[in-house]
Amino acid sequence: MASLRQFKPEESWQAPEGEPIVRIENVTKRFGTFYAVDDISLQIHQGEFFSLLGASGCGKTTLLRMLAGFETPTSGRLFIDGQDVTDVPPYARPVNMMFQSYALFPHMNVADNIAFGLKQERMPKAERRERVAEMLSLVQIEALASRKPHQLSGGQRQRVALARALARHPKILLLDEPLGALDKKLREQTQFELVNIQERLGITFIVVTHDQEEAMTMSSRIALMHEGRIEQVDPPRRLYEFPSTRYAASFIGSVNLFDGYVLQQDDDQVLVQCDDAETRLLVRHSQPLVPGMAVTVALRPEKMRVLGQLDADTPNQLRGRIKEIAYLGDVSIYHVELPGGKRVQFTQSNVQALAEQPLTWDEEVVLGWSANSCGVLTE
């Protein structure tokens, strides 16, 4: 999975002296007996493009609404730029929110929609006009200033909503599924634009999304949420390559999971007996594990390669038959059934333009991978 971001050697969240612009301390939100957010603590730093990622109902939107002031925590505290804002009303917080529906005023043209918040703040007319022009230029819709929302495409309405949200120069911009209403092509294009705008302005963006590719593409860091709790917080590459739990491995991208138990550990290599695959797997893992301990080996499909023949004495090799093939243009996905009935996936890049698949249905293949290409999960 690609990321648009090129990181400096030390990012804001890694610097020991870096004071977080958002600090969430043991926040819980309960609706009756249902815990929408369950004892979450989190720090977000100045200039981050931070994503709250998870399936529907995981609590990410509730957490965002508490940051905006639209919901009050049942317990815990919220701090923005060092100030306790737990009980501060939305209009008094240094944040702005861009809603999934965009919520544009249908009777106002584009320029008036952008100027609305500035007018409410009683910004002088000349300064307001200058700020609107700045926002129109920022999102590249100068020619649309006099149009009404119904005269705009979905992508154009999204730009207007973004410009309106940024017009007040908030310290933090909250975005609730900002690209959900766009088609795939436009969504991919807009991801680049959002990242570029955020980097130019230096404003902290906090985005709620259920789209893992969207989060992986745009984010400096991602908080993966599950059932009201945070499963893992990491930059996209680390979240993908080194998931900390079985849920994190399964939610981000595709993964093969092999259940087994530890046979032995030598330095930073662990030998795992995986009965469901009828094989032993060698995994690089630096943390100490106890022999006999139940673990799961996680292996991404693209880490596997097709070998010429099976070497029974070499770990990390499997033999099976191809049962399903999905051709996606740039890659092909193969589902392979092992002798014991377990199915695994592997992918191959379609580097050359071929009239036929290089591998076909019911063909026997031997798959292999290195110890560095998989990981051990203990949760």
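The values are calculated or read from the model by the stated rules, or taken from the named source; none is laboratory data. Computed from a prediction, not measured in an experiment: that's the story for all the values here. Cβ: placed from backbone, ideal geometry, glycine included. Neighbour counts: every protein chain shown. Only protein heavy atoms, including side chains, enter the accessible area calculation; ligands, DNA and RNA are left aside. Shrake-Rupley method; radii C 1.70, N 1.55, O 1.52, S 1.80 Å.
Data overview
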read-out	value
Two-decimal Rg to Rh for the chain - Kirkwood Rh, Cα set	1.05
Antiparallel bridges, percent of DSSP beta bridges restricted to the chain (to nearest 5)	75 percent
Mean separation of Cα contacts under 8 Å, 6 or more apart, over the residue count of region 261-379: relative contact order %	31 percent
Using alpha-carbon coordinates, inclination of helix 125-138 to the longest axis of the chain, degrees	20 degrees
Arg30 - accessible surface, heavy atoms, 1.4 Å probe, Å² rounded to 10	100 Å²
The chain: Lys pairs at Cα distance under 28 angstrom, eight or more positions apart or on different chains	19
Sequence of His335, His45 from largest to smallest accessible area, 1.4 Å probe	His335, His45
Prolate/oblate/rounded label for region 34-83 (Cα gyration tensor, a/c 1.5)	oblate
Peptide ranges 126-132, 92-98 listed from the most packed, as the mean C-beta count within 10 angstrom indicates	92-98, 126-132
Accessible area in square angstrom per residue, the chain, 1.4 angstrom probe	50 Å²
Packing-based order for 310-323, 291-304, using average beta carbon neighbours within 10 Å, highest first	291-304, 310-323
The chain: relative contact order in percent, alpha carbon pairs under 8 Å with at least 6 residues between	15 percent
Probe 1.4 Å - accessible area at Glu227, Å² to nearest ten	130 Å²
10 Å Cβ shell holding at most 15 others, DSSP loop, chymotrypsin sites (Phe, Trp or Tyr not before Pro): longest site-free stretch of the chain	100-360
Protein accessible area in region 254-377, 1.4 Å probe - carbon and sulfur %	45 percent
Antiparallel content of DSSP bridges confined to region 22-248, in %, to 5	50 percent
Three-way shape call for region 75-228 based on the alpha-carbon gyration tensor, with the a/c threshold at 1.5	oblate
Over the chain: helical MRE at 222 nm, DSSP H runs n ≥ 4 each giving -39500 (n - 2.57), nearest 500	-6500 deg cm²/dmol
With Cα atoms, 0 to 90° folded angle of helix 154-166 axis to the chain main axis	60 degrees
Global form of region 107-153, assessed from the alpha-carbon gyration tensor, a/c cut-off 1.5	oblate
Added length on full extension, which subtracts the Cα-Cα distance from 0.36 nm per residue, Gln140 to Trp361	74.6 nm
Estimated dipole of region 254-377 in Debye, rounded to 20 [Cβ of Lys and Arg +1, of Asp and Glu -1, Cα centre]	180 debye
Euclidean distance of C-alpha centroids, region 19-81 and region 141-217, integer Å	22 Å
Radius 15 Å from Cβ of Leu224, net charge of other residues (Lys, Arg +1; Asp, Glu -1)	-3
